[in-house]
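Q: My questions all concern the structure below.
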Amino acid sequence: MQVTLNPQSFFYSQKRQLKNNTEQAFTSNVMRLSNGQAPHFTYFFRGDFQWKAFVKYLERHFANADKVNIYNGACSDGTEPFTLVMAIAQNLKSKIAEKFFPIKAFDLNADLVNTAKTGKIPLLPQPYTCTDLLKLKIKNRFREGNFLSYVNEQGKGKFVQFNQKTRDKIDFKQANVFTQISEMNGENSAVLLRNMWMYLEDYEQEILALRLGNKLKKGSVVVLGEYDLIASKAVEALTKNGFKGTYIDKVYEKMV
Ligand SMILES: C[S@@+](CC[C@H](N)C(=O)[O-])C[C@H]1O[C@@H](n2cnc3c(N)ncnc32)[C@H](O)[C@@H]1O
């Protein structure tokens, strides 16, 4: 069993060797090292997050907004934004759900984004960590038939093919988080940046949090993953830039 999602990973250690303190250099380092090499482990309804509670939180928190932009950064092969579409559709009335769509999903890795765009998403990506394997529940969930209205085809437990109506709720693009933030429009936003901070150097994490703090409107939220909490300085950096934890685990709100 290969364990990759931590600072001891090959990807992380390689990147550390390419230290150069200019922003241009770190962007190109990340781009080069992520070209098909970045660990992109993910799975549906990843067990490190309370998906239903989050969706209900979004509904309440943005009750007075007509439109909310959801950015799903580091979306990997699309598993995470498709999870979010299903969570929203299952738990909110369709009129309310519409204000969160389309989800703007992006990832640095062009191959993963191309997979995401096809809507044919692998169920069992490699490699796993032991902890993640224990939490892997997607096959059972699909077998229970909970999500069958979103897929056309189940590829014998190896993939699912999402239908067009579901795919239309997500815009996928290849993008680096650092450039993508500058395109955010300062409206009400929820920004998922989950299980990716640990791939960044400490100073990169500082810049990321600073830019989120500068760009996002008061009341907008940033969402982290389990590995960001245990293997990065994301929480510290966000706190320094005006974010505060909410009653939903791993969700941080911009207070000023
Ligand atoms: C472990 S996956 C996380 C997938 C998903 N967010 C989840 O939590 O299940 C990490 C992803 O981060 C992406 N990534 C790494 N650095 C990035 C950057 N600077 N900008 C955008 N995506 C990045 C990688 O390509 C990879 O797909």
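Laboratory data are not the source of any read-out in this text; all were calculated from the coordinates shown. If you're wondering where the values come from, they're calculated on a predicted model, not measured in any experiment. We place every Cβ from the backbone using ideal geometry, glycine too, and count neighbours over all the protein chains shown.
Q: For residue 152, which sequence-distant residues (separation of 5 or more, or a different chain) have an amide H within less than 5 Å of its own amide H, given hydrogens modelled in the peptide plane?
A: Amide H neighbours of residue 152, under 5 Å, 5+ apart: 161, 162, 163.
Q: So if R0 is 25 Å, what FRET efficiency would residue 206 and residue 98 give, r being the distance between their Cβ atoms, rounded to the nearest 0.05? Don't jump to the answer; show the numbers that get you there.
A: On the way: r = 36 Å, r/R0 = 1.45.
After rounding to 0.05, the efficiency reads 0.10.
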